[in-house]
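Visitor: Sharing a structure below in structure tokens format, with a few things to ask.
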Amino acid sequence: MTDCERYVFDRASRPTLPVVGLTGLFPVRRVYCVGRNYASHAREMGGDPDREAPFFFSKPADAVVPMGGAMPYPPATHELHHEVELVLALDAGGASLAPERCRDLIYGYAVGVDLTRRQLQREAKAAGRPWDMAKGFDRSAPCSAVARFQDVGHPRSGAIGLSVNDEVRQAADLADLVWSPEETLSHLSQLVELAAGDLVFTGTPAGVGPMLPGDRYRAWIEGVGEVEGRVLPPMEQPAATVS
Ligand code: MN
């Protein structure tokens, strides 16, 4: 049976990210994100910076925007916020893993931007509703190429930052992560079985803020890479078709 016979329309192929120095692509399976992982950002969001257990949310895999680039300002918000994050790219998985076993899951690292419709997130928090529409919207996860650990090691310190129109908005150090990548993966593996292709956005430092149509951003992590893009005017909504 051919694909054409098996499916009623084309099944989408997996989203991918380039890999630095390779022609092969990294196929994305799932995108998980840590809610809060730098004390400075926990404080700016009104939270407790102590080591309470990390919490997670997710984005659809096809929210990933490989290498950034131009994207339209998303609908349903007037508060599009940037959050620069270290991204873990996994090539192995497992469930209920001890932190000591989690380094073996990491294929490499990338620089990601967890784009957020902040006012929808505030409303969801206030109403006790899910964050999906605040976090998991179309093109909400620009991401750099994946740098393999064989090439860059396992960065646990170094500058992480983001600028908008060349003005630095976020500037911190990976050493300030509350939960290490291994601890984060261990916690997450208690909740879901991790697998090759998963991306884990590890949380953002202080300095999150709005971007407007016309803005250019650049996000970087020392020793990992960078991703840049720009925000276009909102997409024209197609007129509803009436038959
Ligand atoms: Mn985030």
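Visitor: Within the stretch 94-149, considering only helices (runs of 4 or more DSSP H) that don't extend past its boundaries, which have at least 1 residues that are within 15 Å of residue 202 (Cα to Cα) and within 16 Å of the ligand (Cβ to nearest atom)? Outline the logic, then answer.
Guide: Numbers: elements: 99-102, 118-127, 132-135.
Qualifying helices (runs of 4 or more DSSP H): 132-135.
Visitor: Residues being more than 11 Å from the ligand (Cβ to nearest atom) and farther than 19 Å from residue 174 by Cα: count how many of those fall in the stretch 32-61.
Guide: 6
Visitor: Quick check: anything in the stretch 83-90 within 16 Å of the ligand (Cβ to nearest atom), of a type outside the set (D, E, K, R), under 21 Å from residue 193 (Cβ atoms) and outside any helix (DSSP H, G or I)?
Guide: yes
Visitor: Can you give me the number of residues within the stretch 204-231 that are small (Gly, Ala, Ser) and closer than 13 Å to residue 110 by Cα?
Guide: 3
Visitor: Checking the structure you have, find out if any residue of the stretch 130-137 is on the phi > 0 side of the Ramachandran plot, surrounded by 15 or more Cβ atoms within 10 Å (Cβ to Cβ) and not polar (S, T, N, Q).
Guide: Among the residues of the stretch 130-137, not one is on the phi > 0 side of the Ramachandran plot, surrounded by 15 or more Cβ atoms within 10 Å (Cβ to Cβ) and not polar (S, T, N, Q), which makes the answer no.
Visitor: Something else: For the subset of the stretch 150-177 comprising residues that are touching a Lys or Arg at 6+ places or on another chain (Cβ under 9 Å) and surrounded by fewer than 21 Cβ atoms within 10 Å (Cβ to Cβ), which member is nearest to residue 206 (Cα to Cα)?
Guide: 161
Visitor: Now for a separate question. Counting only residues that are among the small types (Gly, Ala, Ser), farther than 26 Å from residue 71 by Cα and in contact (Cβ under 8 Å) with a residue 40 or more places away in the chain, which one in the stretch 89-127 is surrounded by the most Cβ atoms within 10 Å (Cβ to Cβ)?
Guide: 93
Visitor: Could you give me the residue pairs with C-beta distances under 8 Å whose first residue belongs to the stretch 25-36 and is under 17 Å from residue 137 (Cα atoms), whose second residue is among the hydroxyl-bearing types (Ser, Thr, Tyr) and more than 8 Å from the ligand (Cβ to nearest atom) wherever it lies, and which are 6+ apart or on separate chains?
Guide: 28/16; 30/58; 31/58; 32/58; 33/58; 34/184; 34/202
Visitor: Cβ-Cβ distance below 6 Å, separation of 6 or more or different chains: which pairs start in the stretch 65-83 with a residue that is at positive phi and end on one that is within 16 Å of the ligand (Cβ to nearest atom)?
Guide: Here the result reads 68/142; 68/227, each pair linking the stretch 65-83 to a residue that is within 16 Å of the ligand (Cβ to nearest atom).
Visitor: Can you find even one residue in the stretch 33-47 that is of a type outside the set (S, T, N, Q) and modelled with pLDDT of 95 or more?
Guide: Yes, the conditions are met somewhere in the stretch 33-47.
Visitor: Would you say residue 42 is of a type outside the set (Val, Ile, Thr) and surrounded by fewer than 10 Cβ atoms within 10 Å (Cβ to Cβ)? Let's see the steps before the verdict.
Guide: Working: of a type outside the set (Val, Ile, Thr): yes; surrounded by fewer than 10 Cβ atoms within 10 Å (Cβ to Cβ): no.
When the stated conditions are applied, residue 42 does not pass them.
Visitor: Right, next: Anything in the stretch 150-175 that is without any contact (Cβ under 8 Å) to a residue 40 or more places away in the chain and assigned to a strand (DSSP E or B)? List them, or say none.
Guide: Matches in the stretch 150-175: 167, 168, 171, 173.
Visitor: From the list 197, 203, exactly one residue is part of a loop (DSSP other than H, G, I, E, B), within 13 Å of the ligand (Cβ to nearest atom) and under 23 Å from residue 97 (Cβ atoms). Which is it?
Guide: 203
Visitor: For the list (1) of a type in the set (Gly, Ala, Ser); (2) over 19 Å from residue 203 (Cβ atoms); (3) touching a Leu at 6+ places or on another chain (Cβ under 7 Å), I need the number of the one condition that residue 68 fails.
Guide: Result: residue 68 passes all but (3).
Visitor: When you look at residue 216, is it surrounded by fewer than 17 Cβ atoms within 10 Å (Cβ to Cβ), under 30 Å from residue 21 (Cβ atoms), in contact with a strand residue (DSSP E or B) (Cβ under 7 Å, 6 or more places away or on another chain) and among the basic types (Lys, Arg), yes or no?
Guide: yes
Visitor: Using beta carbons and a limit of 9 Å, which pairs, at least six apart or on different chains, have the first residue in the stretch 1-24 and on the phi < 0 side of the Ramachandran plot and the second one assigned to a loop (DSSP other than H, G, I, E, B) and of a type in the set (S, T, N, Q)?
Guide: 17/144; 18/144; 20/144
The values are calculated or read from the model by the stated rules, or taken from the named source; none is laboratory data. Predicted model, so just to flag it, every value in this text is computed and none were measured. Because the Cβ atoms are built from the backbone with ideal geometry, glycine has one as well, and the counts that use them run over all protein chains shown.
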